[in-house]
Amino acid sequence: SGDPVQNHRLQTGQGCSVMVKFVGKWLKIFEDEIHLFLWIFLLFFLLRSSNVILNNYAETTFLKRFGVEYLPIVYMLNSIALFFLMGVLTGIMGRVPGAEFRAHVFYLTFLYSAAFQWEEYGY
């Protein structure tokens, strides 16, 4: 740690591993952005991993409670509901400015979460 050349390499990013340099060059990421990219990659990896685990749990719980015979109906209703919901959201996004739309989505998500907590736990 007392070597000034090694300290300079670490501060300028020259001490990065070969893999990090390869990925940065391949994805055209600047050297000063590589750490931000790695943090965002880690965040999305954790989000996706938890999504996979929770989705698996939800499907397993549904199968134990209702059985396999209702699964095709649930998939069909889920896709139809998603189709109509995306149509409604597309119509709303065309008329409402972006910041205002995000604020409304945030408020609705908060109200839905609060209602779910009230229903589930009786707060």
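Quick note: the coordinates plus some simple rules give every number you see, no bench work behind them. Here the structure is a predicted model, which is why all the values come from computation and not from measurement. FYI the Cβ positions are ideal-geometry reconstructions off the backbone, even for glycines, and counts take in every protein chain you see.
Residues in segment 64-72: is at least one surrounded by 10 or more Cβ atoms within 10 Å (Cβ to Cβ), among the aromatic types (Phe, Trp, Tyr) and more than 19 Å from the chain's Cα centre (by Cα)? Let's see the steps before the verdict.
Keep residues of segment 64-72 that are surrounded by 10 or more Cβ atoms within 10 Å (Cβ to Cβ), which gives 66, 70-71.
Restricting the remaining residues to those that are among the aromatic types (Phe, Trp, Tyr) gives 66, 70.
Imposing the further condition that a residue be more than 19 Å from the chain's Cα centre (by Cα) reduces the set to 66, 70.
Yes.
Can you tell which of THR90, THR109 is under 22 Å from the mean Cα position of the chain (by Cα) and either within 29 Å of THR60 (Cβ to Cβ) or touching a residue at least 40 places away in the same chain (Cβ under 8 Å) (or both)?
Values: THR90 fails: either within 29 Å of THR60 (Cβ to Cβ) or touching a residue at least 40 places away in the same chain (Cβ under 8 Å) (or both).
The conditions single out THR109.
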